[in-house]
Each structure stands twice: as C-alpha cells, then as structure tokens.
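One structure is given below, encoded as structure tokens.
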Amino acid sequence: MLITRPEAAARRFALTLKRARVIVSPLMRLAPAPPEEVSALLAEPFDALIFTSENAVHVVRDLPGLAGRTAFVPGPRTAEAAEEAGLTAVCAEGDARNLLALLLLRARDLRLLYLRGAEVARDLATPLLGAGISVREKVVYRQIEVPISAEAKAALEGTQPVIAPLFSARSAALLLPHLSARAPVRPIAISAGTAAVLPTPFREQTVVAAAKNGSAMSEAVQRQIDALVRVERPQRPR
C-alpha cells in the first residue's frame, strides 16, 4: 500500500490497517504561515474558530489565545485535534457541507475566524458572508509538493497491486504523473470529486469511501487489503 499524505498523517493512518506492507511517500509537506501573522489575528476580537482540517489545528495549536475557545469542525478527527489543543470542539459529524449547515444554524450571531489551508474542497466564507454572518479567514498553511521516493516509484512500476488511498483531489493530481497506463494501482478515494481527477482507466476501478472521513477510508482500504489477501492465499480444499 502506498500512502502519499504528509508524513505524520500517513503514519497515523497506517496504524489503523492490518496485514498491509506500507510504503509512506509523502507527495507534499506543510508550510505554515508565519506565527506572528496568525497571532495578530488571534489577538483581535472573535467568538469562535472554524477549522476544516486537522492540519490547520496542528499549525496553530501552540499559539496564545486559543485555549478554551470554541471551534466548529467538520468531523471527528479534526474535533479530536481541536480538543487536544485545548479547544471546545463543535462537530458537524460529516464534511464541509455539513459544517456549513451547522454554522448557518448555530453561528449567526457570532464573529467567526476561519483558519484554513491554501486549498479547500469547499468555500465556506462566501456563503457565510452571504447569510450575513461575520467571518474572517486566514490561510495558515500551504501544501508544498515533494518528490516521490524511490521505493514508491519502484512499486508503481512493478507488477504487484498497489492500493493507493487518496484523501484529496490535490493528492490525486500529484500522484498522476507517476502513473503509467499499466501501473498496478487500486485507488481508494475519499470522495467522488477526488476520484474524478483520475483518468478513465484508473477512475473506473476506483473505490469511493462511504463517507468523507478517515474512518470510512480505513474501512474501504482494509476491505481491499483483505480481498487481495484472499486472492493471494486461497483456502486449501478440505
């Protein structure tokens, strides 16, 4: 299995899986914004934070002005990161679409500060502003492309099946240049939008997770691992 997420997230995801030979080859690294820029924003008046990824939480978690604040988040993993950072998480139990609905319902009288990555799957600020909700946003990290490892390249050029979990459209796009027409890749996409980035031959064999979260991705990947193990190790006739 090839995991191309940033190192820490890739290692953590690998721990959720069984019976897999894992290759971790991040195709991007996080480049945080200067902490003084974010600290200046945190010093200004606001009532609650918005995070759409745990990466944003990790980037700002040690800055002053966060402890005890309310943070609106889309899913359990980001909620867990927020709680670990001393925040009070309000979780939408879904994705960015669910988070937007939650904010429109519960944050109409709040001054919101949205701390995010440079690339997001869904624009939250525009519909919130359109609904008359006060929101400021700040890009607190960017994802910088890094070269694929020699081990990952060899696996993609080999003959053994390679399960490739894809957690975003950007990660799918970064993997594309390393795929030949005959690459033995079995993609697992976190969403239909992520799968759509892949060319037809790979898109047709892509499995889309049941939900846009890490647990659903783990379940989808584990099913593929188990299926491959059964094929490679058929039961002996009794």
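From the list Arg182, Arg203, pick out the single residue that is farther than 22 Å from Phe72 by Cβ, open to solvent by 80 Å² or more (accessible area, probe 1.4 Å) and touching a helix residue (DSSP H, G or I) at 6+ places or on another chain (Cβ under 6 Å).
Exactly one of Arg182, Arg203 is farther than 22 Å from Phe72 by Cβ, open to solvent by 80 Å² or more (accessible area, probe 1.4 Å) and touching a helix residue (DSSP H, G or I) at 6+ places or on another chain (Cβ under 6 Å), namely Arg203.
Please go through the range 119-145 and give me each residue that is within 17 Å of the chain's Cα centre (by Cα), part of a loop (DSSP other than H, G, I, E, B) and among the aliphatic types (A, V, I, L, M), ordered by number.
The answer is Val120, Ala121, Leu124.
Going by the conditions given, is Arg116 in a strand (DSSP E or B), of a type in the set (D, E, K, R), under 28 Å from Ala173 (Cβ atoms) and under 17 Å from the mean Cα position of the chain (by Cα)?
Judged against the criteria, Arg116 is a match.
Determine whether Ser134 is crowded, with 18+ Cβ neighbours inside 10 Å and among the polar types (S, T, N, Q).
When the stated conditions are applied, Ser134 does not pass them.
All but one of (1) open to solvent by less than 60 Å² (accessible area, probe 1.4 Å); (2) farther than 27 Å from Arg29 by Cα; (3) in contact (Cβ under 8 Å) with a residue 24 or more places away in the chain hold for Gly65, so report the exception by its number.
(2)
The rows are residues; the columns are (1) loosely packed, with under 14 Cβ neighbours inside 10 Å; (2) of a type in the set (Asp, Glu); (3) closer than 17 Å to Pro6 by Cβ; (4) touching a Phe, Trp or Tyr at 6+ places or on another chain (Cβ under 8 Å).
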| position | (1), (2), (3), (4) |
| --- | --- |
| Val22 | no, no, yes, no |
| Leu27 | no, no, yes, no |
| Ala43 | yes, no, no, no |
| Phe51 | no, no, yes, yes |
| Val57 | no, no, yes, yes |
| Arg61 | no, no, yes, no |
| Val73 | no, no, no, yes |
| Thr78 | no, no, yes, yes |
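Counting only residues that are open to solvent by 50 Å² or more (accessible area, probe 1.4 Å) and part of a strand (DSSP E or B), which one in the range 29-41 is farthest from Arg223 (Cα to Cα)?
Here the residue is Pro32.
Filter the range 57-102 for residues that are assigned to a loop (DSSP other than H, G, I, E, B) and more than 20 Å from Ala9 (Cβ to Cβ) and give the result.
Leu63, Pro64, Gly65, Leu66, Ala67, Gly68, Arg69, Gly86, Ala92, Glu93 - these are the residues of the range 57-102 that are assigned to a loop (DSSP other than H, G, I, E, B) and more than 20 Å from Ala9 (Cβ to Cβ).
List every residue pair whose Cβ atoms sit under 6 Å apart, with the two residues 6 or more apart in sequence or on different chains, where the first one lies in the range 1-25 and is at positive phi and the second, anywhere, is assigned to a helix (DSSP H, G or I).
Correct list of pairs: Arg19/Ile225; Arg19/Val229.
Considering each residue of the range 6-28, count those that are touching a strand residue (DSSP E or B) at 6+ places or on another chain (Cβ under 9 Å), assigned to a loop (DSSP other than H, G, I, E, B) and either of a type in the set (Lys, Arg) or closer than 16 Å to Ser149 by Cβ (or both), and give that number.
The qualifying residues number 5.
Name, by its number, the condition in (1) of a type in the set (A, V, I, L, M); (2) farther than 20 Å from Ala172 by Cβ; (3) in contact (Cβ under 8 Å) with a residue 24 or more places away in the chain that does not hold for Met28.
Among (1) of a type in the set (A, V, I, L, M); (2) farther than 20 Å from Ala172 by Cβ; (3) in contact (Cβ under 8 Å) with a residue 24 or more places away in the chain, the lone unmet condition for Met28 is (2).
The values are calculated or read from the model by the stated rules, or taken from the named source; none is laboratory data. Keep in mind that what you see is a predicted model, and the values were worked out from it rather than measured. Quick reminder, even Gly has a Cβ in these numbers, built from the backbone with ideal geometry, and neighbours come from all protein chains shown. These area figures cover heavy atoms from the full protein model, side chains too; ligands, DNA and RNA do not enter into them. Shrake-Rupley method; radii C 1.70, N 1.55, O 1.52, S 1.80 Å.
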